[in-house]
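Report on the structure given below.
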Amino acid sequence: MQLAVLMGFLLAASSPLLHRWFGHRTSLVLALFPAGLAAWLLLQAPEIIENGSLLLEWQWVPSLGISLTFLLDGLSLLFGLLITVMGACVLVYAGGYLKGHPDIARFHIALVAFMVSMLGLVLADGLFTLFIFWELTSITSYLLIGFNHADIDARKSARQGLFVTVAGGLALMAGLILLGIASDSWSLAEILSQEADLREHALYTPMLICLLLGAFTKSAQFPFHFWLPNAMAAPTPVSAYLHSATMVKAGIYLLARLHPELGGTVMWVGILSVVGATTMLTGAFLAIHHTNIKKLLAYSTIMALGTLTMLLGIGTEYAMTAFVTFLLAHSLYKGALFMVAGILDHETGTKDVTQMGGLRSLMPVTAIIALVAALSLAGVPPLFGFIGKELMLESVLGADSFRMLLVLFAFVASILTIAVAFIIAIRPFYGKRHHTPLEPHEAPLSMLVGPALLAVGSLLLGLMPALLGANALLTSAATSVSGETIDVALSLWYGVNVALIMSIISLGVGFLLFKRWDSVRAKLSMLAPIMRHGPEAGYEGMMNGIVQFSEWQTRLLQNGYMRNYILVMLITLIALIGNSILLRHSPIFVFDLDVRFHEVVVAGTMAMGALFATTTRSRLGAVVSVGVMGFSIALIFILFSAPDLAITQLLVETLTVILLVLVLFRLPRFSNLSTSLERIRDGSVAAMMGILICLLIMTSWSIQQFEPISTYMIENSAPLAFGRNIVNVILVDYRALDTLGEMFVLALAAIGVIAMLKLRHGESSNGKNGESSKVTTKEPYDG
Amino acid sequence: MVKSGTIILNTAARFLMPLQLLFSVFLLLRGHDEPGGGFIAGLVAAGAFTLYLFAFGVSATKEVLRMVDPRDLIGIGLLLGMISVVPAWFMGQPFLTAQWWTIPIIDFKASTPLIFDIGVYFAVLGSVTGMVMTLMEVDKDEP
């Protein structure tokens, strides 16, 4: 199975090749892949339903404990089936929708890669594997949302979706690591089956907050919901797949997956039910503002995601049943509706429902599909959506906490949703014919198969919930979500109860709302000034703030003045060394005055060289006195019998003087540009640096924390490394890897110097000495 | 602008450069046992070319170097450094484990550290010569 899933990435990569062979039938060929996976999952279903779960082990990086083990239980089976079946439908549909599009191969790469990542996400057992697939879905969905990359809105929306979900992904990573630490296991199967109660753990609160942030951003919960409607810039097949059944439900999946271990606490119930209910109401309320059919659907998806989160928050046995049922029902009707929206857009050339009308006679099949799916969305019997909604209302009525609030929110949201459903099902297909940009006619077969299949699914499951083993599948899924055995026995008729009465009332009010939609919308448009200050404005403000901050700190730190760079570096060093030497250790002053006369002479020469270099007004004098210092250091090396170091120092010093002399001729006249205040600043920084380094050397000389390694090196240099020159043996044998690295650094530095010189040289000899020579004139050399 | 050539410098450079180069090879080969080694030898060789550069200018030095661009020497150095890593791998040992072979007739001890050291030599030589040469080239064209 792992191999099959990973092969999917190969398949994605080879889709351009498939296009060469199969032309426009590629979609059908590619659809065989998810269809095959779905068949395989179905074959495993009886065993999973019987045993509860199935573990497919595969070690990936055994030394790090990372495995590509798949955990197949009721929940992942349900999600896996949704992903593969919907994937097959969407691939076939996309073949029709994007027929003749020049970039369809690129589309297939991203879509198949997304499908595989999503499948990996819901099947993964390892926390790391889960995270990797999670991030892969973010990246592939970024590519899919920004598919029309020539469109600036598409790019902006894609980036927004990426930023929001990846920021949440970072929180998720922290959450998963905390989870791993708290439970001392990196495998979901082990975490779910272990005895210890994570709810009691000290890390529970931070862990939960991080995990929730990850899930809420991915699943577009309030206040992170704004990226989802914007993601409608994606081609409609993408919306039908990612934004109805798969990607946005990844967060829901994570919550459901961890519910048995983490759920049920006051914090969990409080956050999930309130955020879920708020999201539900916000989505439903914002939906009726829009006339763009895809936005309508996007907001109603937000409403559904909120509902799912709320049900997980409620956490009763009833809510778990409602959760799995609503999940399945929503995927079926929302996928179909998105595809219908795509058909309408494709055939009429507009996405605005108020611009459509009377299409029923021209597109009869589409009209029927839309009607069935929308009625399921509205929760009208005998469709599957009705069962989902009944169960949802029933669990809200049975909620332990926040009951009144949840009931109110759910009731209002369902009224609004019903209005949305009627808008989609009736507005485009009935009433007066409008003139549309394209002359509409029935969609091609490839675009009808997918939505028709999903609509039929909604109808059949509604009429006969026991059909096709749906009860068994949902029982198994609900059991893995709750952690205790739940028997799901769906039926269309639960008798007359409060939920049914609420349903009927909401249907009536929803229909009235639909009738008066145009005037309601006009009134709602007065709210526009307030709406502008929503969470999206906060996001925009934050992004602008980040850009401004990075511009500011670039201006401050990367200003192109050598002296400022050095100043920053030295101050940082002083802060770091000073912190560690003065505050953490006590500096040790050892004044061992056992010095010879010639040593004093050499040190004195160095000091005089340094003094002269800082005070001289002649450049050549400065170079020479720096040279004097260098040669004195070489002399010290000789005095303490380190001939290799001495030779190196001498050679480096010679070459440095040569290089300085070469550069010297290019500098402008020596002038005094810094104020006395700046001089005092520079002088004190230099003095502090000198004092600190002196302290550091004295302290480190008197501290002997470990046995020095030099003894080992001296003893083994000749017998092991066959060399008597220990310095060289260290360079080429003991520490050869370091030397190799240094070689590369040296080479890079040389290439950098050569490139910079040649670049300036080339520019000025071409007569374009604008940019580069400005740098020299801008730079006042203050010596 | 560096004026090339007083007669003393010219004559000295002409004789000193081959000697310096020879000395650098000497330092390189004896480096494992006596003071010396690739880094120092590379600097000495670079010094030799720099002296020649000062005496005769860039184009004459390029002629001495024939077809070899100092920048290529950097590459050769890095390549030799990387090559010396590989033999240990074939022996199933960790990277960079020193390998020693004795070449029979001349009784010369060849080893991966030696190859590595030669790599250092070329990398240093190429880097320094390249930098100095470019500096002087730029210097010559711009008054």
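No value in this document is a laboratory result; all are computed from the given coordinates. Bear in mind that the values here come from a model prediction, so they are computed numbers and not experimental data. Cβ atoms come from the backbone with ideal geometry, glycine included; neighbour counts cover every protein chain shown.
A few comments on the model shown:
- In the protein assembly as shown, the calculated helix contribution to ellipticity at 222 nm averages -24000 deg cm²/dmol per residue, counting -39,500 (n - 2.57) for every DSSP H run with n ≥ 4.
- Folded to 0 to 90 degrees: helix A:384-397 orientation relative to chain A principal axis, Cα: 70
- Per principal axis, descending, Cα span of segment B:5-138 in whole Å: 57, 30, 24
- When only the Cβ of Lys, Arg, Asp and Glu is charged (+1, +1, -1, -1), the dipole of segment B:5-138 relative to its Cα centre reaches about 140 debye.
- Ordering of A:719-728, A:129-138, A:528-537 by packing [mean C-beta count within 10 Å, highest first]: A:129-138, A:719-728, A:528-537
- Cα gyration tensor category, rounded, prolate or oblate, for segment A:354-469 with a/c compared to 1.5: oblate
- Here the contact order of segment A:343-388, divided by its residue count and restricted to Cα pairs under 8 Å and six or more residues apart, works out to 18 percent.
- Ranking A:Val116, A:Val602, A:Gly357 by how far each Cα lies toward the positive end of the dipole of chain A (charges on Cβ) leaves A:Gly357 at the top.
- Peptide B:78-84 is shielded by partner chain Cβ atoms: per residue, an average of 3 of them sit within 10 Å of its Cβ.
- Projected onto their three principal axes, the Cα atoms of chain A cover extents of 109, 66, 57 Å, largest first.
- Within straight-line cross-link reach of A:Lys218, aspartates and glutamates at Cα separation under 20 Å, skipping those fewer than 8 residues along the same chain: A:Asp125, A:Glu135, A:Glu536, A:Glu540
- Kirkwood Rh in Å, taken over all unlike Cα pairs in segment A:1-111: 15.4
- Helix A:127-145 vs. chain A, principal-axis angle (Cα, 0 to 90°, nearest 10): 80
- Put simply, when A:193-205, A:554-566, A:320-332 are sorted by average Cβ atoms within 10 angstrom per residue, most first, you get A:320-332, A:193-205, A:554-566.
- 3J(HN,Hα) from dihedral phi, segment A:413-418, Karplus parametrisation 6.51/-1.76/1.60, rounded to Hz, x for glycine, proline: 4, 6, 4, 5, 5, 4
- The angle separating the long axis of helix A:643-664 from the principal Cα axis of greatest extent in chain A is about 80 degrees.
- Computed over the alpha-carbon pairs of segment A:182-304, the distance histogram in 5 Å steps reads 2, 11, 19, 21, 16, 11, 9, 7, 3, 1, 0 percent, short to long.
- At the listed q of 0.10, 0.14, 0.17 Å⁻¹, the Debye profile of segment A:237-383, built from one uniform point per Cα, gives log10 I(q)/I(0) equal to -0.38, -0.69, -0.94.
- Under the span-like rule (Cα at least 30 Å along the axis, Kyte-Doolittle mean at least 0.0), DSSP H helices of chain B: B:7-30, B:112-141
- Listed residue pairs exceeding 26 Å between alpha carbons, taken from A:Lys99/A:Lys295; A:Lys249/A:Lys432; A:Lys334/A:Lys389; B:Lys62/B:Lys109: A:Lys249/A:Lys432; B:Lys62/B:Lys109
- Evaluated with a Cβ-only charge set (Lys, Arg +1; Asp, Glu -1), chain A carries a dipole of roughly 3140 debye about its Cα centre, given to the nearest 20.
- Bins of 5 Å from zero: percent of alpha-carbon pairs in segment A:174-250: 3, 15, 19, 17, 13, 12, 11, 7, 3, 0
- Segment A:351-404 - convex hull of the alpha-carbon atoms, volume per residue in Å³: 117
- Segment A:417-469 shape via C-alpha gyration tensor axes, a/c threshold 1.5: oblate
- Relative contact order (percent, whole number), segment B:5-138, Cα cutoff 8 Å, 6+ residue spacing: 30
- Neighbouring partner chain Cβ atoms per residue of B:49-57, average, 10 Å criterion: 1
- Average other protein chain Cβ within 10 Å of Cβ, residues B:120-132: 5
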